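The values are calculated or read from the model by the stated rules, or taken from the named source; none is laboratory data. A quick note: this is a predicted structure, and the numbers were derived from the prediction, not measured. For neighbour counting, all protein chains shown are included, and Cβ atoms are generated from backbone atoms with ideal geometry for every residue, glycine included. Note: areas computed on protein heavy atoms with side chains; ligands, DNA, RNA excluded. Shrake-Rupley method; radii C 1.70, N 1.55, O 1.52, S 1.80 Å.
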Amino acid sequence: MEFENTIGLETHVQLKTKTKMFCSCLLKTGCEPNTNVCPVCLGYPGALPVMNKEAVKLTVMSGMMLGCEINKHATFDRKNYFYPDMAKDYQISENGNPLCIGGGVEITRADGTKKFIRINHIHLEEDAAKINHYAQSSGVDFNRGGTPLMEIVSEPDMESADDAILYLTALKEMLVYAGVSDCNLEEGNMRSDVNISIRPKTGEGLPLKADGKIDFSKLGTKVEIKNMNTFKGIHAALCYEAKRQRECMAHSIPIVQETRRWDGEAMETASMRSKENAHDYRYFPEPDLVPVELSEEQVAEWRKLLPEQPEARRARMIADYGIAEYDAEVLSQHKDNADYFEAAAKGLDKKLAKALCNLFMSDVMALMNESGKSIGECAMTPAALAALVKMSASGTINGPTLKELLPEIFEKGGDPEAIVKERGLGAVSDTGALEAFVDQAIAANPGPVADFKAGKKAAAGFFVGQVMKLSKGKADPKIVGGLVAKKLASL
């Protein structure tokens, strides 16, 4: 029997705020354990939470970016459970009335087909503390406890590990674009609980009830893989688990509803605990927080802060600047790069914009990699990069001079036109002057001349190099090549 996967993700995203969700403790990585704490995030009796408005704003902006309906009356609840990472024995979360409902992300598969991955809802909550395990003991670091955390719950619309990674990649790109999170996986800014089940393949999509909602009773037994924080790990875990469940079915072994963990070394999932029924968290309304009441005016004001969608930006950049689809894809992956490129390309025609794109994609990105600096951290302004491109295209400077100046201006800044004028780096394009250099090079090197006459055409390249030396690198290599070929042919 052939089976198909049903995959859904619960993605936790740390919001880009300066302070915690319900107190004024700073959010800062790399600090000594339990130094950014207070009675509120340590769960002391009687300590009262105060809502972080910025976290609410960023969650709403995320929802708008993802096409969600914004719930203008959202409420917080207490999610009760006992575990060392939650000192007060409950987590403040949103259960019945989350901030964002619906929405979704469109993915494009390798074969070019598109699929819309629906989002069920987005809710806001506080993160738990971090448990560190040592050789003989464990410790709890509450620096992370209380961090504003947004949970994005998808519908089980994904059919493969590839779908899941495409969804997460698109999700990360949009959230980083909107400035709501760094989505730094290494720092745990973005992590996912992965749910997967299999069922006999029908080709008819998800089973639905009469009201149009998903009939979960007709899906396979769900297995959850907790706290995955790398895309590579998520992909591998889903591939393994899909294969494991099929092998269970092939050998008539029941699939148990459970929570599993991913072992990256063994490259397999392992059982953590059975989960026969949903946890009874005994949710009840948080009595110490008033509901979040949003006005139309407030939502409209936040909507104005949204950037252009990455997909729409790619299409516009291709149309406006005549650049290739691949180049637009790479440039738009990082908003800072795309912003810089567009600032530099402002006022340039399509031919110059394409030259600018080529220079940015090759040399500028290479300099970023070598220096470890982002485009916003370098000293070169967009106007300076545009000036270099225009000077090169007009013949004011040649290719070697451009390659020489670019690293310097990237590192130290400066006005390219002023530097070229001050140092006398302008290209030599006067034919008479270049012909004199050609004559001088030929007269001084009778050996290569004889080689050329004997049929060694590569000797012409030697003379181009000699002329470049005589001109101190200022000559246009293309013009020199033509003059050398003409002169040697006449000998």
How high is the FRET efficiency from Asn227 to Glu408, r the C-beta distance, R0 56 Å, rounded to 0.05? 0.75
Projected-area average for the chain over all orientations - Cα convex hull basis, square nanometres: 34.2 nm²
For the range 62-133, what % of the accessible area comes from carbon and sulfur atoms, probe 1.4 Å? 48 percent
Sorted largest first, the C-alpha extents of the range 1-136 along its principal axes in whole angstrom are 53, 45, 28
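Calculate, in nm to one decimal, what Ser252 and Glu32 gain on full extension: separation in residues at 0.36 nm each, minus their alpha carbon distance.
Working: separation 220, 0.36 × 220 = 79.20 nm, distance 5.13 nm.
74.1 nm is the gain from fully extending Ser252 to Glu32.
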I need to check one value: relative contact order of the chain, counting alpha carbon pairs closer than 8 Å and at least 6 residues apart, in percent. 13 percent
List, largest first, the extents of the alpha carbons of the range 9-51 along their principal axes, each in whole Å. 35, 24, 17
Search the structure for amide H atoms under 5 Å from the amide H of Cys100, placed 1.01 Å from N in the peptide plane, and list their residues when 5 or more places away or on another chain. Asn71, Ile122
Provide the solvent-accessible area of His73, counting protein heavy atoms only and rolling a 1.4 Å probe, rounded to the nearest 10 Å². 80 Å²
Pop the C-beta distance of Ala343 and Ala443 into the FRET formula with R0 = 56 Å and round what comes out to the nearest 0.05. 0.65
What ranking of Lys222, Lys457 comes out by heavy-atom accessible area, probe 1.4 Å, highest first? Lys457, Lys222
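If you stretched the chain out fully between Asp182 and Glu377, how much longer would it get, using 0.36 nm times the residue separation minus the C-alpha to C-alpha distance? Don't skip to the answer; put the middle values down first.
Values: separation 195, 0.36 × 195 = 70.20 nm, distance 1.67 nm.
Full extension from Asp182 to Glu377 adds 68.5 nm.
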Any lysines with Cα under 24 Å of the Lys18 Cα? List them, leaving off those in the same chain fewer than 8 positions away. Lys28, Lys53, Lys57, Lys88, Lys130, Lys172, Lys304, Lys335, Lys373
Sorted by accessible area with a 1.4 angstrom probe, largest first, how do His235, His251 fall? His251, His235
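Could you please report the charge total around Leu348, scoring K, R as +1 and D, E as -1 over all other residues with beta-carbon less than 11 angstrom from its beta-carbon? Spell out each step's value before the answer.
Values: positive: Lys346, Lys350, Lys351, Lys354, Lys390; negative: Asp320, Glu342, Asp349.
Result for the local shell: +2.
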Residue-wise HN-Hα coupling along the range 344-350, computed from phi with Karplus coefficients 6.51, -1.76, 1.60 (Hz; x: Gly, Pro): 6, 7, 4, x, 8, 6, 5
Tilt of helix 382-394 relative to the longest C-alpha principal axis of the chain, in degrees (0 to 90, nearest 10)? 30 degrees
What nm distance separates the two modelled labels at Gln298 and Lys350, each placed 7 Å from Cα along Cα→Cβ? 4.7 nm
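Using R₀ = 56 Å, calculate the FRET efficiency as 1/(1 + (r/R₀)^6) where r is the Cβ-Cβ separation of Ala110 and Lys453; round to 0.05.
Numbers: r = 56 Å, r/R0 = 1.00.
Approximately 0.50, to the nearest 0.05.
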With everything on Cα atoms, drop me the angle between helix 161-177 and the longest principal axis of the chain, reported from 0 to 90° to the nearest 10. 70 degrees
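Decide, for the range 283-429, between rounded, prolate and oblate: order the square roots of the alpha carbon gyration tensor eigenvalues as a ≥ b ≥ c, take rounded if a/c falls under 1.5, and otherwise choose prolate if a/b is larger than b/c, else oblate. Walk me through the numbers on the way to the answer.
Numbers: a/c = 3.02, a/b = 2.32, b/c = 1.30.
Since a/c reaches 1.5 and a/b is larger than b/c, the shape of the range 283-429 is classed as prolate.
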